[in-house]
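Structure first, then comments.
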Amino acid sequence: MSSSSCCKRRNPLWWLLLLCGLSLMPAAANSWRTDLPAATLVGSGELSWLGFRIYTARLWSEQKPFAPDKPFALELTYHRSISRSRFVDTSLAEIRRLSANRYSPEQLKRWEEEMQRAFIDVEAGDQLIGMYLPGIGCRFYSRQQVLAEIRDPTFANAFFAIWLDERTKDSRLRAQLLGQGP
């Protein structure tokens, strides 16, 4: 079939959307898996606090063994409702704890603003996925769409250190994510 006969059969609405810069692409086209198509599960585990399940974490990578300097995705599936503000505050507190004052107050404030823009309130069953992009920064997704891209490699390293740094608060979860634990 020629490309002209294919295009003649398109719905007129499709052409209008195309001219307006809109797309009929399914939400899955905005999935992190589109950007990391050969990713396989490295490991998974759960974060619990005082006996309450908070989220299930899964680490995905195209590299075996896992290479933290290559693209990867960290998928969090929530078991509880958590506000954007709480997620941002907790992330900043952990970045501060792990960085030992390496980052200026101005830099931390900028990162707080970026995270407020990138994150959403979550309910039980929702997912947030962070994708590490070496030399670029990171991209955040919900199950349905791209939420934001933060073009700051220093932020990306500091953010993913929350889970992957040896000094993380939950060393058991880190080991599970890296495929080293039960």
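Since every read-out is calculated from the coordinates, none of them should be taken as a lab result. If you're wondering where the values come from, they're calculated on a predicted model, not measured in any experiment. Cβ placement follows ideal geometry from the backbone for every residue including glycine, while neighbour counts extend to all protein chains displayed.
Let a ≥ b ≥ c be the square roots of the eigenvalues of the Cα gyration tensor of region 116-182; is it rounded (a/c under 1.5), or, if not, prolate (a/b larger than b/c) or oblate?
Cα axes put region 116-182 in the oblate bin.
Report the label-to-label distance for A67 and T154 in nanometres (one decimal), using points 7 Å from each Cα along the Cα→Cβ vector.
Taking the simple label geometry, A67 and T154 are separated by 2.6 nm.
Shape of region 27-177 from its Cα gyration tensor (a ≥ b ≥ c, root eigenvalues): rounded if a/c is under 1.5, otherwise prolate when a/b > b/c, or oblate? Spell out each step's value before the answer.
Working: a/c = 1.18, a/b = 1.11, b/c = 1.06.
Rounded shape, in that the Cα axes give a/c under 1.5.
For the residue pair R117 and S83, what label-to-label distance in nm results when each label sits 7 Å from Cα along the Cα-to-beta-carbon direction?
2.2 nm
Can you list the aspartates and glutamates whose alpha carbon is less than 19 Å from that of K64, not counting same-chain residues fewer than 8 positions off?
List returned: D35, E75, D165.
Just to verify a number: FRET efficiency for Q144 and T34, C-beta to C-beta distance, R0 = 22 Å, to 0.05?
Efficiency for this residue pair is about 0.95.
Once you keep just the Cα pairs under 8 angstrom separated by 6 or more residues, what percentage relative contact order results for region 27-177?
25 percent
Dipole of region 27-177, Cα-centred, from +1 at each Lys and Arg C-beta and -1 at each Asp and Glu C-beta, to the nearest 20 debye? Could the numbers behind the result be given before it?
On the way: 21 positive and 19 negative charges, 50 e Å.
The calculated dipole for region 27-177 is roughly 240 debye.
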